[in-house]
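Enquirer: Encoded as structure tokens, here's the structure I'll be asking about.
Derivation of every value follows stated rules applied to the coordinates shown; laboratory data play no part. Predicted model, so just to flag it, every value in this text is computed and none were measured. Neighbour counts are summed over all protein chains in view; Cβ atoms, including those assigned to glycine, are modelled from backbone coordinates with ideal geometry.
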């Protein structure tokens, strides 16, 4: 089972091959490949460090993030906006069906507006249709 911070479901869905470092990018590539090859992979949301955090330069030795308040805000906004629950098991396919087939710019902006990738315009509303096509929706 894949443990994910709630906001990382967006990071996986909107991932474009960019990252903080080569190690981080390799880790993301592996996760995206795993999920695409097995869309019924089980996912459980946790508000804490997850598989994506392993190679993030913002992760501290105590498993906190240097931007802990911000990532918590992203997590709780994601849980609320998508009406998903912490510590509940989903399949990635189920998340695609319930979240991304009905995704909107308003949801994207509400959740992601405080993220640095969003602020630097790496992730923008224009990515939505591109990624929906990429994931075959």
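Enquirer: Rounded to the nearest 0.05, what FRET efficiency is calculated for residue 133 and residue 110 with R0 set to 25 Å and r the Cβ-Cβ distance?
Expert: 0.65
Enquirer: Can you give the extra length, in nm with one decimal, that the chain gains between residue 89 and residue 21 once fully stretched, where that is 0.36 nm per residue apart less the Cα-Cα distance?
Expert: Taking 0.36 nm per residue and subtracting the Cα distance, the gain is 21.5 nm.
Enquirer: How far apart, in nanometres, would the label points at residue 76 and residue 97 be if each is projected 7 angstrom from Cα along the Cα-to-Cβ direction?
Expert: Output for this residue pair reads 3.1 nm.
Enquirer: Rounded to the nearest 500, what is the chain's calculated 222 nm mean residue ellipticity when only DSSP H runs of at least 4 contribute -39500 (n - 2.57) each, over all residues?
Expert: -13500 deg cm²/dmol
Enquirer: Determine by what factor the alpha-carbon radius of gyration of the range 2-134 differs from 2.2 N^0.38 Å, reporting the quotient.
Expert: So the range 2-134 has a normalised radius of gyration of 0.97.
Enquirer: Pull out the extension gain between residue 29 and residue 44, defined as 0.36 nm times the separation in residues minus the alpha carbon to alpha carbon distance; nm, one decimal.
Expert: Extending this stretch completely gives an extra 3.5 nm.
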